[in-house]
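The values are calculated or read from the model by the stated rules, or taken from the named source; none is laboratory data. Since we're looking at a predicted model, the values are computed, not measured. FYI the Cβ positions are ideal-geometry reconstructions off the backbone, even for glycines, and counts take in every protein chain you see. These area figures cover heavy atoms from the full protein model, side chains too; ligands, DNA and RNA do not enter into them. Shrake-Rupley method; radii C 1.70, N 1.55, O 1.52, S 1.80 Å.
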Amino acid sequence: MSDLSSKFIDRIRAVIGDSELANAGRPIGLHEPEIDELEKKYVLECLDSTFVSSVGAFIPQLEQRIQEITGAKHAIAVSNGTVGLQVALFLAGVEPGDEVIVPTLSFIATANAVSHAGATPHFIDSELGTMGMSPEALREALAAMTITNGSGPGFGTNGMRVVNPATGARIAAISPMHTLGHPVRIEEICEIAAEYGIPVVEDAAESLGSFVTNKAGQSQHTGTFGLTGMISFNGNKIVTTGGGGVILTNDDELGKRAKHLTTTAKLAHKWEFEHDEIAWNYRMPNLNAALGMAQLEKYPRFLEQKRRLALAYGEAFANVDGLKFVFEPEGTVSNYWLCAVQLDDPSLAKRDEVMQAAHDAGLMVRPMWNLLHTQRMYTGAPVGPVPTAIALHASLICLPSTPRLVAGI
């Protein structure tokens, strides 16, 4: 085992050595949900009600709680994050044949949601400070586009139609992702997008509980800066509903339309089944929402635990040559969904050597996702220069990040 691998394992063990999970006699998972009697109570209550599908009391309760947490005027619960992002893109006006600018360093769902909307992802670079979409790369990409002024379908809010001259496709949206829960420079991205009249659809899947101090000096939740946004409640997220997500928007018309489209566009009536457009059956089941409401009661504690875990990791890795802990970007409060360290020198070989040693020691660490423009179904999609994303992919390692991993919490 290399000296770097040995230090990596020792530092993790120093943080989690006496925790409940470390003494469970099994490998330490990456991010395990906490399921106990409260979740069982609420799920049983849902079962007893017999309202286990897309109608039931827990769904609106969950939506209301997410509105309170995020400050969004509308939160629409859906069956998973990918479909939530698909609908969020649709609501923003993305149509078949369009292109949507996304970071190549992201989970596959970011690109897949674009494809499910009938559009093509257009990949750009990330930045070191946030690991998310680079505003500079975004401006450079947009500067290379062809601009037409006019009005009507396909033209933005300021009368501009932005087209990729290489493909002839309209740039219909920009979808930044808040990587590992760390907020991107979202206000700058939104300002650039506004210059071109392009809506922003935030992939806030990983960032429930992450905030940005905006230019007005106020704390604003991720997912509420763009026209629409999405948060995921997958099993490995800070709060889980098993499978599920929520669409966010501050637009009253879009909020109403999001709920309508995700419930088969059925018109209200006591008995008639009348639908007024082609839509989806994407609503979150009440059974999942029951689990989520129990999780949301614990949400403040989860956030506190995760910040304490991040602080402990930051101190443990403070003086390790060759590695540094990834802290939240300046001016933000991150939920630290997944804590991570970064190699000083990007190297896939060194990264994999360290991860293999950790796995052999029973520590479930993981790399970042393979870059989206290299995935076989997206190798023909438009992509700009992405040197920073390549370096991040070769240098980041995600650490065990279950909230209760710090001893004594």
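Multiplying the residue separation of residue 269 and residue 136 by 0.36 nm and removing their Cα-Cα distance gives an extension gain of 42.8 nm. Dividing the summed helix terms, -39500 (n - 2.57) for each DSSP H run of n ≥ 4, by the number of residues in the chain produces a 222 nm estimate of -11000 deg cm²/dmol to the nearest 500. Dipole magnitude for the range 74-145: about 220 debye, using +1 per Lys or Arg Cβ and -1 per Asp or Glu Cβ, origin at the Cα centre.
Solvent-accessible area of residue 40, all protein chains in place: 120 Å² (probe radius 1.4 Å, heavy atoms, ligands and nucleic acids excluded).
Taking only C-alpha pairs under 8 Å that are 6+ residues apart, what is the relative contact order of the chain in percent? It comes to 26 percent, rounded to a whole number.
Rounded to the nearest 20, the Cβ-based charge dipole of the chain about its Cα centre (Lys and Arg +1, Asp and Glu -1) stands at 380 debye.
For the pair residue 26 and residue 146, label points projected 7 Å from Cα toward Cβ lie 5.8 nm apart.
Normalised by 2.2 N^0.38 Å, where N is the number of residues, the alpha-carbon radius of gyration of the range 1-145 equals 1.49. Of all beta bridges that DSSP places with both ends in the range 205-356, some 95 percent have antiparallel geometry. When the Cα positions of 71, 258, 142 are compared along the charge dipole of the chain, 258 comes out farthest toward the positive end, with charges on each C-beta of Lys, Arg, Asp and Glu. Modelled label positions at residue 35 and residue 6, each set 7 Å beyond Cα in the direction of Cβ, lie 4.0 nm from each other. In a fully extended conformation the segment linking residue 45 and residue 13 would gain 7.6 nm over its present Cα-Cα distance, using 0.36 nm per residue.
The magnitude of the dipole of the range 287-409, with charges of +1 and -1 set on the Cβ of Lys/Arg and Asp/Glu and taken from the Cα centre, is near 420 debye. Just checking the listed ones, 175, 49, 126: in the Gaussian network model of the chain with Cα springs under 10 Å, the one fluctuating most is 49.
The candidate values are [x] 22.0; [y] 24.4; [z] 21.4; the one derived from this structure for Kirkwood radius over Cα pairs in Å carries the label [x]. Annotation: per residue accessible area for the chain equals 41 Å², rounded to a whole number [probe 1.4 Å, protein chains only]. Between 287, 267, 128, the Gaussian network model of the chain with springs among Cα atoms under 10 angstrom shows the greatest mean-square fluctuation at 267. Between residue 349 and residue 73, how many nm apart are label points set 7 Å from Cα along the C-beta direction? With each label placed 7 Å out from Cα toward Cβ, I get 5.7 nm. For the residue pairs 324/350; 298/324; 259/306; 215/237, the alpha carbons lie more than 21 Å apart in 298/324; 259/306; 215/237.
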